[in-house]
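Each remark here refers to the structure printed beneath this line.
The values are calculated or read from the model by the stated rules, or taken from the named source; none is laboratory data. Since this is a predicted model, take the numbers as computed values, not measurements. Because the Cβ atoms are built from the backbone with ideal geometry, glycine has one as well, and the counts that use them run over all protein chains shown.
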Amino acid sequence: MAMGGLLAFTTAGGAPRAGETEERPWKATVNANLYVVPDQDNFFMLTAPVDIRWFHVEARYNYEALRSGSAFAGLNAGWGEALTLKVTPMIGVVFGALDGLVPALRWELAWWKLDLYSESEIVVDFDDASASFFYNWSELGLSPLDWLRFGAAIQRTRVVMTTLDFQRGLFVSMTIRFITVSLYEFNLGWTTPTWVGTVSATF
């Protein structure tokens, strides 16, 4: 698989940078991911999260399933100073090629230059309950510099079809002002790798 992934927009399954502080009552991000997948057509995944104080809304495309959109609403909560925990429970619906209900939970634990980020959801298929599934994207990141973050990632998804239920690999991310560019590699050493290129713009 070619390394074409660098053409995407996202904070994607991307975690906020360790030590990030909220200076405004709102934040909006425009995201896209280019997935370059073996034995499958490459595709873009789009997300657009918006936070207004404790309220979170988000729109997505090709996230739970290809040719499907989804919309979410949730609440933000956080605790701690040196060691911080941020939690966002959400409820959403997916529509298009897949129709369903999606309860979800996003959380981040951060300390010093380290962060652990995870998003999990259960997609309840309205048309076939037996086709319901569990999704997860998780990252363990280190930010030695304000503009550099790297680490390990794991995902379980239906939009990438490989012989592995869980995709695992490495990532590196660089931020210049409000733009973040990232590259993820999954499954190298286990099977033909999947590449995910990301770019995010945060306002």
The stretch 166-191 residues that are free of Cβ contacts under 8 Å to residues at least 12 places away in the same chain, paired with ones that are surrounded by fewer than 14 Cβ atoms within 10 Å (Cβ to Cβ) and part of a loop (DSSP other than H, G, I, E, B) (beta carbon under 6 Å, 6 or more apart): none
From the options 102, 36, residue that is more than 21 Å from residue 152 (Cβ to Cβ) and surrounded by 14 or more Cβ atoms within 10 Å (Cβ to Cβ): 102
Qualifying residues in the stretch 74-98 (those that are farther than 19 Å from residue 156 by Cα and touching a Phe, Trp or Tyr at 6+ places or on another chain (Cβ under 6 Å)) - the one surrounded by the fewest Cβ atoms within 10 Å (Cβ to Cβ): 83
From the options 125, 165, residue that is surrounded by fewer than 19 Cβ atoms within 10 Å (Cβ to Cβ) and within 22 Å of residue 72 (Cα to Cα): 125
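Conditions (1) closer than 19 Å to residue 33 by Cβ; (2) within 16 Å of the chain's Cα centre (by Cα); (3) at pLDDT below 95; (4) in a strand (DSSP E or B), marked per residue:
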| site | (1), (2), (3), (4) |
| --- | --- |
| 98 | yes, no, no, no |
| 110 | no, no, no, yes |
| 119 | yes, yes, no, yes |
| 160 | yes, yes, yes, no |
| 170 | yes, yes, no, yes |
| 173 | yes, yes, no, yes |
| 180 | yes, yes, no, yes |
Residue list for the stretch 61-73, restricted to those being out of contact with any Lys or Arg (no Cβ under 7 Å at 6 or more places or on another chain) and surrounded by fewer than 21 Cβ atoms within 10 Å (Cβ to Cβ): 61, 66, 67, 68, 71, 73
Residues located in the stretch 37-54, provided they are of a type in the set (Phe, Trp, Tyr) and in a loop (DSSP other than H, G, I, E, B): 54
Top-ranked residue in the stretch 136-162 [being under 18 Å from residue 105 (Cβ atoms) and touching a Lys or Arg at 6+ places or on another chain (Cβ under 6 Å); ranked as surrounded by the fewest Cβ atoms within 10 Å (Cβ to Cβ)]: 136
Selected residue (only one of 57, 36, 94 is within 25 Å of residue 169 (Cα to Cα) and at pLDDT 95 or above): 36
